[in-house]
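The values are calculated or read from the model by the stated rules, or taken from the named source; none is laboratory data. Everything numeric here is computed off the predicted structure, so don't read it as measured data. Cβ coordinates were reconstructed from backbone atoms using ideal geometry, including for glycine residues, and neighbour counts include every protein chain displayed. These accessible areas exclude ligands, DNA and RNA; they are computed on the full protein's heavy atoms, side chains included. Shrake-Rupley method; radii C 1.70, N 1.55, O 1.52, S 1.80 Å.
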Amino acid sequence: DIIAHTTFWDECLARGWYLLAPLSRGMTPYDTHGGSTLNAQENTRAALAWVIRHYSIDRDRMYGVGFSGGASLVASYANRHLDPASPMFAAMVFHTGSSDLVDTYNASNQIGKDAIEILLGGAPTAMLFEYRRVASLELDAAQIWLSGGDHCASNLGSIPTQIWYATNDSHADLVQHTEQLFDWMNLNGNGPVEVHTRVSLDAANNFHSWEILDETQICDWFALQTLTPPLSGDLLIDRDATYHDYAVQQDTAGAFSRLSFAKTLATNELALTQTDNVQTITLSPDDIGLFSISGVLLTLNLEAIDRGDVIVLEGIESAPIGVLRDGALSASWTYAAAQQT
């Protein structure tokens with residue numbers, strides 16, 4: 001599809017770039033219609049891992065583009081795969097996809113609903129978390145982003161994003177989803193995010209096609225983007241995983257965890273807040289850009305974390321002289337020399 005209906009292949013050849021177009025594989029009998037499901041994401045992860053093993057890839061300059069079902073996949077993959085030790089997107093393009101699979105399910109005919117149920121293990125009434133974890137937004141009954149909802153797009157805060165759609169696209173529901181994604185990201189300071197709209201001339205495909213993209217413009221923009229560790233973020237985490245060097249172990253699986261972080265490099269300080277459904281947070285100060293060396297004070301602001309949360313610092317080469325809590329020496333810590341934690 002990429003080769004037949006876009007010029008990304010030519011753009012990448014001309015720039016000396018690699019291009020990977022993994023199939024959106026889900027489950028039989030809907031094997032190539034996986035959308036943003038976990039099966040499709042695992043297939044993409046495996047394909048990316050294979051390429052990285054076999055080719056000399058600049059890990060700071062990996063970009064994602066998706067159209068329709070592929071747009072749902074590229075956004076969900078970007079917001080669920082934020083471990084610096086694994087492939088991450090430095091920027092992405094979202095072209096007219098679903099932002100909320102519950103809304104997509106409710107708007108589908110019975111054949112469509114049957115297909116989505118096979119891919120996600122059941123209807124939203126029974127498998128709501130499985131739908132939410134692979135979506136970008138939670139929309140209300142009017143297809144407007146829900147205030148206080150579970151918006152996985154919050155994880156895209158450090159990923160520059162372009163959003164494209166045709167104003168005359170016959171898939172009005174996907175246009176609405178796309179507009180809501182831009183609206184939410186723009187209002188919540190995610191991005192930087194920008195929107196591009198055009199009138200489609202592709203009547204043969206109901207004006208829903210790759211045709212509106214400007215591949216040269218997009219690749220020129222990609223060339224300006226490099227992976228940059230964020231200083232702060234509000235994370236919505238769907239499993240035990242590492243997000244931006246913060247390894248989170250959940251209290252309860254099958255539910256979202258929340259973690260907000262903010263680094264102040266000048267004062268060697270890290271604030272962790274809003275730790276819902278979090279059991280343990282493990283991090284290396286050096287990995288996140290802070291210092292853990294003799295004679296330098298490392299400050300953790302933990303006032304707003306839940307009682308009982310455990311913070312583990314890795315890469316601490318020698319036992320601290322002391323740990324201060326609220327300015328006074330504390331005995332509420334342990335040091336493991338063998339693990340340097």
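In the range 19-32, is there at least one residue being modelled with pLDDT under 95, within 28 Å of residue 118 (Cα to Cα), touching a Lys or Arg at 6+ places or on another chain (Cβ under 9 Å) and open to solvent by 60 Å² or more (accessible area, probe 1.4 Å)?
yes
List, please: which pairs have Cβ atoms under 6 Å, are six or more places apart or on different chains, and start with a residue in the range 185-196 that is more than 18 Å from residue 150 (Cα to Cα) and end with one that is part of a loop (DSSP other than H, G, I, E, B) and modelled with pLDDT of 90 or more?
192/160
Exactly one condition in (1) within 30 Å of residue 61 (Cβ to Cβ); (2) buried (at least 18 other Cβ atoms within 10 Å of the Cβ); (3) not hydroxyl-bearing (Ser, Thr, Tyr) is false for residue 176; which is it?
(1)
Quick test of your reading of the structure: residue 157 fulfils all but one of (1) under 18 Å from residue 76 (Cβ atoms); (2) modelled with pLDDT of 95 or more. Name the failing condition by number.
Just one mismatch for residue 157, condition (2).
Quick one: how many residues across the range 304-327 are in a strand (DSSP E or B), in contact (Cβ under 8 Å) with a residue 24 or more places away in the chain and open to solvent by 50 Å² or more (accessible area, probe 1.4 Å)?
2
Working carefully through the options 65, 51, 74, find the one that is hydrophobic (A, V, I, L, M, F, W, C), at pLDDT 95 or above and open to solvent by 40 Å² or more (accessible area, probe 1.4 Å).
Testing whether each residue is hydrophobic (A, V, I, L, M, F, W, C), at pLDDT 95 or above and open to solvent by 40 Å² or more (accessible area, probe 1.4 Å) leaves just 65.
In the range 131-153, which residue that is touching a residue at least 24 places away in the same chain (Cβ under 8 Å) and farther than 21 Å from residue 260 by Cβ is surrounded by the fewest Cβ atoms within 10 Å (Cβ to Cβ)?
Top of the filtered list is 144.
Taking the range 94-114 on its own, how many of its residues are farther than 25 Å from residue 258 by Cβ, out of contact with any helix residue (DSSP H, G or I) (no Cβ under 6 Å at 6 or more places or on another chain) and buried (at least 19 other Cβ atoms within 10 Å of the Cβ)?
0
Show the residue pairs that are 6+ apart or on different chains and have beta-carbon atoms under 6 Å apart, the first residue being within the range 50-69 and over 13 Å from residue 223 (Cα atoms), the second being outside any loop (DSSP other than H, G, I, E, B) and of a type in the set (A, V, I, L, M).
65/93; 66/73; 66/74
Tell me, which residue of the range 179-201 that is open to solvent by 60 Å² or more (accessible area, probe 1.4 Å) and of a type in the set (Val, Ile, Thr) is farthest from residue 154 (Cα to Cα)?
The qualifying residue farthest from residue 154 (Cα to Cα) is 199.
Which of the residues belonging to the range 271-325 are of a type in the set (Phe, Trp, Tyr) and closer than 17 Å to residue 252 by Cα?
none
Checking the structure you have, find out if any residue of the range 105-120 is closer than 18 Å to residue 181 by Cβ and assigned to a loop (DSSP other than H, G, I, E, B).
no
Looking only at the range 154-165, how many residues end up being outside any helix (DSSP H, G or I) and surrounded by 24 or more Cβ atoms within 10 Å (Cβ to Cβ)?
Of the residues in the range 154-165, 4 are outside any helix (DSSP H, G or I) and surrounded by 24 or more Cβ atoms within 10 Å (Cβ to Cβ).
Can you name every residue in the range 158-179 that is under 17 Å from residue 93 (Cβ atoms) and either in contact with a Ser or Thr (Cβ under 8 Å, 6 or more places away or on another chain) or β-branched (Val, Ile, Thr) (or both)?
Hits for the range 158-179 are 158, 159, 161, 163, 164, 165, 166, 169, 174, 175, 177, 178.
For residues that are of a type in the set (D, E, K, R) and under 17 Å from residue 215 (Cα atoms), tally how many sit in the range 183-201.
Adding up the residues that qualify gives 2.
Tell me which of these residue 178 doesn't satisfy, since it passes every other one: (1) assigned to a loop (DSSP other than H, G, I, E, B); (2) modelled with pLDDT of 95 or more.
All conditions are met except number (1).
Taking the options 254, 289, name whichever one is closer than 22 Å to residue 76 by Cα and part of a loop (DSSP other than H, G, I, E, B).
Exactly one of 254, 289 is closer than 22 Å to residue 76 by Cα and part of a loop (DSSP other than H, G, I, E, B), namely 254.
Among the residues of the range 277-300 satisfying the criterion of being open to solvent by 50 Å² or more (accessible area, probe 1.4 Å) and not small (Gly, Ala, Ser), which is nearest to residue 239 (Cα to Cα)?
Only one residue tops the list, namely 279.
Look at residue 204 and say whether it is small (Gly, Ala, Ser) and open to solvent by 30 Å² or more (accessible area, probe 1.4 Å).
When the stated conditions are applied, residue 204 passes them.
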